[in-house]
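Note sheet for the following structure.
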Amino acid sequence: MRAGSVLMLLALACLALGACAGTGTGGPPSPTARAATNAVHPRLRGTLEHVAALRALGPAALDQTAPLIDEGIALLEARMPHDVARPDVVRWQASREAYGAALKDVIYARDARDPAALDSALLRLDGAARRWSDAHLGLAPESSL
């Protein structure tokens with residue numbers, strides 16, 4: 001074997017080993033492993049932060065829902081991102097519909113001036129936002145439980 005071909009084989013072996021280093025099995029992480037990181041899609045992170053802040057306010061949250069509602073409407077008006085995988089499209093659309101229904105419940109509770117109904121609606125909105133985020137990220141549906 002020539003010295004040049006030995007060096008080439010050595011370089012290819014190093015590249016192959018370097019490409020697989022740190023991945024464990026050499027493949028992408030499983031959906032369950034990705035869900036364990038509590039990943040949230042950036043477009044929905046603001047909704048989850050608003051929901052947490054409003055729930056912490058208690059009854060005073062009735063007067064502070066406008067930013068959450070405006071952000072939610074903007075999310076519902078936006079088009080589906082191009083990076084949603086084909087198998088996740090139906091789940092993405094169903095999650096978006098559930099998010100819209102939960103946002104509507106928040107609006108009804110605010111208009112009724114009912115703090116208990118608002119807290120319940122905020123919990124439903126939090127769950128719907130997490131399911132929609134999982135569909136955005138392509139996570140397995142069971143990670144939304």
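Summary table
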| item | result |
| --- | --- |
| Residue selected from region 106-115 under the condition more than 14 Å from D70 (Cα to Cα) and hydrophobic (A, V, I, L, M, F, W, C), by the criterion surrounded by the fewest Cβ atoms within 10 Å (Cβ to Cβ) | A112 |
| Complete set of residues in region 81-100 that are surrounded by fewer than 13 Cβ atoms within 10 Å (Cβ to Cβ) and among the aliphatic types (A, V, I, L, M) | A85, V89, V90 |
| Those residues of region 95-110 which are closer than 14 Å to L75 by Cα and of a type outside the set (S, T, Y), in sequence order | R96, E97, A98, G100, A101, A102, L103, K104 |
| Verdict on L103 being within 17 Å of the chain's Cα centre (by Cα), without any contact (Cβ under 8 Å) to a residue 40 or more places away in the chain and buried (at least 16 other Cβ atoms within 10 Å of the Cβ) | yes |
| Test set (1) modelled with pLDDT of 90 or more; (2) within 16 Å of S133 (Cα to Cα); (3) touching a Leu at 6+ places or on another chain (Cβ under 8 Å) - Q93 fails condition number | (3) |
| Test: residue in region 58-69 that is on the phi > 0 side of the Ramachandran plot, assigned to a helix (DSSP H, G or I) and small (G, A, S) | yes |
| Region 32-57, subset at pLDDT 90 or above and more than 17 Å from A128 (Cβ to Cβ), residue farthest from the chain's Cα centre (by Cα) | L57 |
| Any chance A74 is in a helix (DSSP H, G or I), closer than 21 Å to R45 by Cβ and in contact with a helix residue (DSSP H, G or I) (Cβ under 6 Å, 6 or more places away or on another chain) | no |
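The values are calculated or read from the model by the stated rules, or taken from the named source; none is laboratory data. Quick caveat: nothing in here was measured; it's all calculated off a predicted structure. Reconstructed Cβ throughout: ideal geometry from the backbone, glycine too, with neighbour counts over all protein chains shown.
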